[in-house]
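Written below as structure tokens is the structure these notes are about.
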Amino acid sequence: MQTLFIGKNIIHLSEVDSTNNYANQLLRQSVINEGDIVITDNQQLGKGQRGNTWFSEPKMNLTFSLILKPKFLQVAQQFYLTKAISLSIVKVLKHYLDKNISIKWPNDIYVENKKIAGILIENTLAGSAISSSIVGIGINVNQSDFGEINATSLINERLQKFDLNEVLEELCKTIEQHYIKLKTNHLIFDTEYLTYLMGLNEMRGFEISNKKISGSIKGVNKIGQLEVEINNNVEVFNLKEIRFID
Ligand code: BTN
């Protein structure tokens, strides 16, 4: 691995319930360090956001968790890690695909109108700082059938098979560059995140407190809440408070 620390140590499991859960156990036992990766060929109970499940066919895709210790970030700045990781995945996908890649707030990665990757970051806080982060990443690479799910993969977009290790290495290199930038000046990601934000300044449907409304995304504030203009008023929402209607 041509990196300084990310992915230098890889814990490879043939199967596991969730790489995030496994990484968490290793973290509690203090036997895992910053930059280490837990990866599996067969994740049986992958966790997604909002309590969802992340499905991945065995040996087809990348399902892994990266340990980071962003002690330089305050709790109120944790969304910047989300930005840095989302943008890293966007960059890697752009390297392989000449297509429109976007970030559906907060951190779902889409190729045109289909989801290709998801991120689940679980932070441990120490006072007002972040002592450790488990960055769980699922990227659809060589799986071609997703049933009813509105998803896609590199193979479906590029019509060629990919080497999982190569894609992982590319990701590790890009995440490392972004993580180093994050340490120096986290604010640099603000503009870039908006560049890729799906639906920015476009009227679209949302579901808020079981009501369907129309609004337009105006941005994301410093703590990662979504800013939506509804009837000429900008309101802010947390993840569980708003749903996109496709
Ligand atoms: C989402 O889109 O809701 C987030 C999906 C995150 C999936 C990854 S796969 C590796 C890691 N381990 C998990 O249990 N989940 C994340």
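The values are calculated or read from the model by the stated rules, or taken from the named source; none is laboratory data. If you're wondering where the values come from, they're calculated on a predicted model, not measured in any experiment. Cβ: placed from backbone, ideal geometry, glycine included. Neighbour counts: every protein chain shown. These area figures cover heavy atoms from the full protein model, side chains too; ligands, DNA and RNA do not enter into them. Shrake-Rupley method; radii C 1.70, N 1.55, O 1.52, S 1.80 Å.
In table form, for the structure just shown:
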read-out: Any chance residue 139 is open to solvent by less than 70 Å² (accessible area, probe 1.4 Å), at pLDDT 95 or above and among the aliphatic types (A, V, I, L, M); value: yes
read-out: Per-region count, segment 74-97, residues open to solvent by less than 20 Å² (accessible area, probe 1.4 Å), more than 16 Å from the ligand (Cβ to nearest atom) and not aliphatic (A, V, I, L, M); value: 1
read-out: Residue in segment 10-28 that is free of Cβ contacts under 8 Å to residues at least 12 places away in the same chain, farther than 23 Å from residue 177 by Cβ and more than 17 Å from the chain's Cα centre (by Cα) present; value: yes
read-out: Test for residue 71: is it under 13 Å from the mean Cα position of the chain (by Cα), basic (Lys, Arg) and either on the phi < 0 side of the Ramachandran plot or within 9 Å of the ligand (Cβ to nearest atom) (or both); value: no
read-out: Within segment 92-129, considering residues that are hydroxyl-bearing (Ser, Thr, Tyr) and touching a helix residue (DSSP H, G or I) at 6+ places or on another chain (Cβ under 7 Å), the one modelled with the lowest pLDDT; value: 128
read-out: Odd one out for residue 133 among (1) open to solvent by 50 Å² or more (accessible area, probe 1.4 Å); (2) within 16 Å of the ligand (Cβ to nearest atom); value: (1)
read-out: Failed item, numbered, when residue 149 is tested on (1) at pLDDT 95 or above; (2) surrounded by fewer than 18 Cβ atoms within 10 Å (Cβ to Cβ); (3) closer than 18 Å to residue 138 by Cβ; (4) of a type in the set (A, V, I, L, M); value: (1)
read-out: Residues that are among the aliphatic types (A, V, I, L, M) and either in contact with a Ser or Thr (Cβ under 7 Å, 6 or more places away or on another chain) or surrounded by fewer than 16 Cβ atoms within 10 Å (Cβ to Cβ) (or both), drawn from segment 98-128; value: 103, 109, 111, 116, 119, 121, 125, 126
read-out: Pairs where the first residue, in segment 36-55, is open to solvent by 20 Å² or more (accessible area, probe 1.4 Å) and the second is near the ligand (Cβ under 7 Å from one of its atoms) and charged (D, E, K, R), C-beta under 9 Å, 6+ apart; value: 49/108; 53/47; 54/47
